[in-house]
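What follows is a short report on a single structure.
The values are calculated or read from the model by the stated rules, or taken from the named source; none is laboratory data. Predicted, not measured: the structure shown is a model, and the values here were computed from it. We work out accessible area using only protein heavy atoms, side chains counted, and drop any ligands, DNA or RNA first. Shrake-Rupley method; radii C 1.70, N 1.55, O 1.52, S 1.80 Å.
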Amino acid sequence: MKNMEVINEIDILLNKYCEDCFVRSHLRKEKGKTVAHDFCIHVCTVGEQIKETGKKLITK
Ligand code: SF4
């Protein structure tokens, strides 16, 4: 998969699930940015999917 396709795939996920995510905005407001970020990276299945998709990026 080309990097452009990977980026598009991530973009679709971000637009579909993350853009208006209530959980993230709630956590940011109540517990701060770090906790919200941690939730996205370690708990949310969408975050997991984004992380896995990002691994397909080819770096030179
Ligand atoms: S990764 Fe999950 S919790 Fe974080 S913004 Fe996206 S959908 Fe919301």
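Lys-Lys pairs in the chain that are eight or more residues apart or on separate chains and whose Cα atoms lie under 30 Å of each other come to 20. Per-atom-type breakdown for segment 3-54 gives carbon and sulfur 57% of the accessible area (1.4 Å probe, protein chains only). Enclosing the Cα atoms of the chain in their convex hull gives a volume equal to 82 cubic angstrom per residue.
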